[in-house]
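This report concerns only the one structure given below.
The values are calculated or read from the model by the stated rules, or taken from the named source; none is laboratory data. Please read these numbers as outputs of a predicted model, since none were measured by experiment. Please note: Cβ atoms are built from the backbone with ideal geometry, for glycine as well, and neighbour counts cover all protein chains shown. Each accessible area value is taken on the protein alone, full model and side chains, heavy atoms only, with ligands, DNA and RNA left out. Shrake-Rupley method; radii C 1.70, N 1.55, O 1.52, S 1.80 Å.
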Amino acid sequence: MDRAQLSDFLRTRREALQPEDVGLPRGPRRRTRGLRREEIALLCGISADYYARIEQQRGPLPSEAMLGALARGLHLTLDERDHLFRMAGHNTPSRGLGTDHVNPGIMRILDRLTDTPAQVVNGLGETLVQTRLAVALVGNETEFTGLRRSFVYRWFTDPRARRIYPEADHSLNSRVFTSDVRAVYSRQGAHSRVRETVEALLAESEEFAALWSDHEISLRRPDDRKRIIHPDLGTLDLQCQILYDTDQAQALLVYTATPGTESHEKLQLLSVVGDRRPHL
């Protein structure tokens, strides 16, 4: 690990970010150039002391997971992320479907959606990052590991995953989710990571196997509408707007409701109901 270069790189990237870039208030008495260390630590989900020790050339070698968190919090490009990993003595992560790195432009948009449920997912339905209101709406979907990181995998193998949607919507959802995986499989090829998920689902779910044989691809819902059941607020009729980052095979999902409707009023209450546990 090149501690001096790693420290200098983190400091320059931190100082290049402004509060407005990450959805933070500037405040009337800010004298720090760029962001403070504790602000970066908050964005990365780590302690301020841990971050300070890295920037001060102290502390242990950061893990790959920690470096990934730093890359997202600092809004690094893929080239900058790879540079960060090399300076810390790690191999660079893949740039394909398996990457957890979120495009910095997408992150800037997400940072500004403080009053809106939104999350970034990849082609396998793995949630990479969520706003606080997205956690309140659908639960923390970033805490799963292995194949269960994929919501599509959980949908076909864990009945609890379906409780978030009305039963009347399950059939269409199954077709849409399968067609989405089919589209990723078509783009990424049989030797990509999507193959592992497909093979597991073919072995574990008769429903998925039947739908997979239909060869539907990129099937869409009417008007991109989604009905979501919340344990405290009931059913919300939402529109799911999608912004794609084609280079990294990721999508920003933003949930909205028509102003003046009951669902719009329920969305406003998400900030006071607290985080929702997955599938409860």
Using a 1.4 Å probe on the protein heavy atoms, what percent of the accessible area of the stretch 194-272 belongs to carbon and sulfur? 49 percent
How large is the accessible surface of V135 in square angstrom, using a 1.4 angstrom probe and rounding to the nearest 10? 20 Å²
Candidate residues E199, E207: accessible-area rank, largest first, probe 1.4 Å: E199, E207
Pairwise centroid distance, computed over Cα atoms, of the stretch 1-29 with the stretch 140-198, Å: 36 Å
Pair-distance profile P(r), taking every C-alpha pair of the stretch 1-75, with 10 angstrom steps and integer %: 19, 56, 21, 3
Using helices alone, what [θ] at 222 nm do you get for the chain, with -39,500 (n - 2.57) per DSSP H run of 4 or more residues, divided over all residues and rounded to the nearest 500? -12500 deg cm²/dmol
For the chain, dividing by residue count, accessible area per residue (probe 1.4 Å) in Å² works out to 49 Å²
Just reorder S150, S171, S63 by solvent-accessible area, largest first, 1.4 Å probe, all chains present. S171, S63, S150
Mind ranking W212, W155 by accessible surface for me, highest first, 1.4 Å probe? W212, W155
Rounded, prolate or oblate: which one fits the chain, using the alpha carbon gyration tensor with axes a ≥ b ≥ c (rounded when a/c is under 1.5, else prolate when a/b beats b/c, else oblate)? oblate
If you line up the long axis of helix 194-204 against the longest principal axis of the chain, both from Cα atoms, how many degrees apart are they, to the nearest 10? 40 degrees
For the stretch 1-151, the fraction of alpha-carbon pairs in successive 5 Å shells from zero, as %: 2, 9, 18, 22, 20, 16, 10, 4, 1, 0
Pulled fully out, how much extra length does the chain show between E207 and Q56, if you take 0.36 nm times their separation in residues and subtract their Cα-Cα distance? 48.9 nm
Hey, what angle do you get for helix 170-188 against the long axis of the chain, alpha-carbon based, 0 to 90 degrees rounded to 10? 50 degrees
Only loop residues by DSSP count here, and only those with at most 10 other Cβ atoms within 10 Å; note down the trypsin sites (Lys or Arg not before Pro) in the stretch 173-222 that meet that. R220
Quote the accessible area belonging to T32 in square angstrom, nearest 10, computed with a 1.4 Å probe and with ligands, DNA and RNA left uncounted. 60 Å²
Report the local net charge at R3: Lys and Arg +1, Asp and Glu -1, summed over other residues whose C-beta lies under 15 Å from its C-beta. +1
Work the Kirkwood hydrodynamic radius out for the stretch 122-234: mean of 1/r over every pair of different alpha-carbon atoms, inverted, in Å. 14.8 Å
If you count only protein heavy atoms and use a 1.4 Å probe, how large is the accessible surface of S213, to the nearest 10 Å²? 80 Å²
